[in-house]
Amino acid sequence: MDLNSETQLVEAAQNGHLESFGALYERYHSPMVALAYSMLADRSLAEDAAQEVFVIACRDIGSLKSKERFAAWLAGICRNISRQMLRAGKSRGIAPDNEPAVVRRGDAEDRREAIRRAVWSLREPERELIIMRYFDGFSQGQISEVLGLSSQAVNGRLVRAKRKIAKYLKRKRFDGK
Amino acid sequence: MRSPEDDKWLDEALSEIIGSEETRADFEQWKQNHPQAVEMLTSRACGEAHASPRLRKIGRIIMKSSITRAAAAAAIAIACLAGLFLLKSTGSGIALAEVLERIEQVTAYRCQMSAKIKSQGMDEKPISQATMLTSEAFGAKTIIEISNPITGQSILQEIYVLLSQKTITTLMPNEKKYSQLEFDEASFDGWREENDSRTMIRRILGCEHTNLGRSTIDGIEVEGFQTTDPNGPMGQAEIKIWVDVETRLPVQIEIHKDAGDDAYIHFVVHDYQWGVTVDATDFEPVIPDDYTPGQPMMQMLRGKKPNSQ
């Protein structure tokens, strides 16, 4: 990603240039939906959260001092909005693992449900990474930019998170076979 | 267990289950749905184009561009704000006392820190960014990236404080080095006190502080407090704390240390996540086999090396 051009877009948006803000919207809408989804576990609510993120970004972009950290700043807004939605009870999230919520619907469905639970049993930072990676196939660079992590850290955490999911599935007697 | 990298089936399953039906970013639609937001943005074109005044006067060099000194400055911010949980409240203020009380109920939190520097002949530049995880029970973990403001070269450090062992372990991935230091009881307790977020708030409580009123940070309604603390770890510095009016927990803390003649260093601790779930393994460093012993950069990490028994 051309960071300079992004910095220029942010600066132009700070000066009221709507098209530049639009370009940033196009670039980060999907990552914000993914990030919100990792917290809310509901695609429709995640879309709503992403819409709201850009309303707040529109209002507060003038206060952003580190233009090069626009993506991480946006992610911070997204997390806050999602938390507010969770506090307001707009999402029930994924049922805790101890709830007898799995209805036997055949192997494929059970496995899907088990994987969903495995993902949502991860701690927030790991879940964010997994969702970002698989939601829309974001590159490591994009993930690293949005989550404010080095590529090394993204890679390491992804491996650890996947290992935890595999372990969880093994415990629940699901694997790739 | 097989490596997850080899588990193609897991990749496929995750893509299938998490993968979106392609979210569409429709800015035109968004504009129609949010005319007020659009109005707010476009009104900046005439109203706030000059909102970022250039600092004209060249200041004296704060740190002579030494990456070690920049690191030390970053360490001070961590020392102020990364926080371990230790102190009991004796604060007598009103709102901030309430904040302190709320913080004392939290057993673990995560936050991020960024620092910028401005010195002679140089525009404001970032010098460090850190993610910090702190637990009352286990200790603290900090991942910090420190940049040389002149060369732009940066290094990464992972710092683990283990309360049970009174040790600080630093991993230096760039150099494939690590250091482990241990503290005696007294110096570790002193270090903990200086590294407690509540120390900062207690100091503000002990100073005159002004209410900055309400504002919004990242979508959260906040109330701000400001003071200059002559006895703080950074000497006289302007400190602002922004508190969530709903939860009464800090959302952002800013420290501005003026060095005269427009030279300054500015720290922001933000993106607090209070009451996160942690376990002991979060704070246990894993030293890769190919790392060799080295010297930590941060001044705050002075101590003695563990006895090799």
Margin query: Can you pull out every residue in region B:118-145 that is farther than 22 Å from B:SER164 by Cβ and more than 15 Å from the chain's Cα centre (by Cα)?
Written below: B:LYS118, B:SER119, B:GLN120, B:GLY121, B:MET122, B:ASP123, B:GLU124, B:LYS125
Notebook entry, point to check: Is there any pair linking a residue in region B:36-48 that is in a loop (DSSP other than H, G, I, E, B) to one that is modelled with pLDDT of 65 or more, with Cβ under 8 Å and at least six apart or on different chains, and which?
Noted result: B:SER43/A:GLY16; B:GLU48/A:GLN14; B:GLU48/A:ASN15; B:GLU48/A:GLY16; B:GLU48/A:GLY62
Item checked: Only one of A:GLY176, A:GLY137 that is modelled with pLDDT under 90, within 11 Å of chain B (Cβ to nearest Cβ), more than 17 Å from the chain's Cα centre (by Cα) and part of a loop (DSSP other than H, G, I, E, B) -> A:GLY176
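With respect to A:ALA88, is the statement that it is more than 8 Å from chain B (Cβ to nearest Cβ), more than 18 Å from B:ASP244 (Cα to Cα) and of a type in the set (Gly, Ala, Ser) true?
No: the conditions fail for A:ALA88.
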Notebook entry, point to check: Applying the selection to region B:173-192, what residues are part of a strand (DSSP E or B) and either buried (at least 18 other Cβ atoms within 10 Å of the Cβ) or at pLDDT below 80 (or both)?
Noted result: B:TYR178, B:SER179, B:GLN180, B:LEU181, B:GLU182
Notebook entry, point to check: Within region A:33-57, how many residues turn out to be surrounded by fewer than 23 Cβ atoms within 10 Å (Cβ to Cβ), at the interface with chain B (Cβ under 9 Å from one of its Cβ atoms) and touching a residue at least 24 places away in the same chain (Cβ under 8 Å)?
Noted result: 2
Checklist line | strands (runs of 3 or more DSSP E) within region B:100-172 that include 3 or more residues within 22 Å of B:ASP244 (Cα to Cα) | finding: B:108-118, B:125-135
Notebook entry, point to check: Applying the selection to region A:58-73, what residues are farther than 16 Å from B:ASP26 by Cα and at the interface with chain B (Cβ under 9 Å from one of its Cβ atoms)?
Noted result: A:ARG59, A:ASP60, A:ILE61, A:GLY62, A:SER63, A:LYS65, A:SER66, A:GLU68, A:ARG69, A:ALA72, A:TRP73
Check: What are the residues in region B:95-152 that are at positive phi and either more than 14 Å from chain A (Cβ to nearest Cβ) or touching a helix residue (DSSP H, G or I) at 6+ places or on another chain (Cβ under 7 Å) (or both), if any?
Finding: B:GLY121, B:GLY139
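The values are calculated or read from the model by the stated rules, or taken from the named source; none is laboratory data. What you see is a predicted model, and the numbers here were worked out from it, not measured in a lab. As a convention, Cβ positions derive from the backbone with ideal geometry for all residues, glycine included, and neighbour counts pool all protein chains shown.
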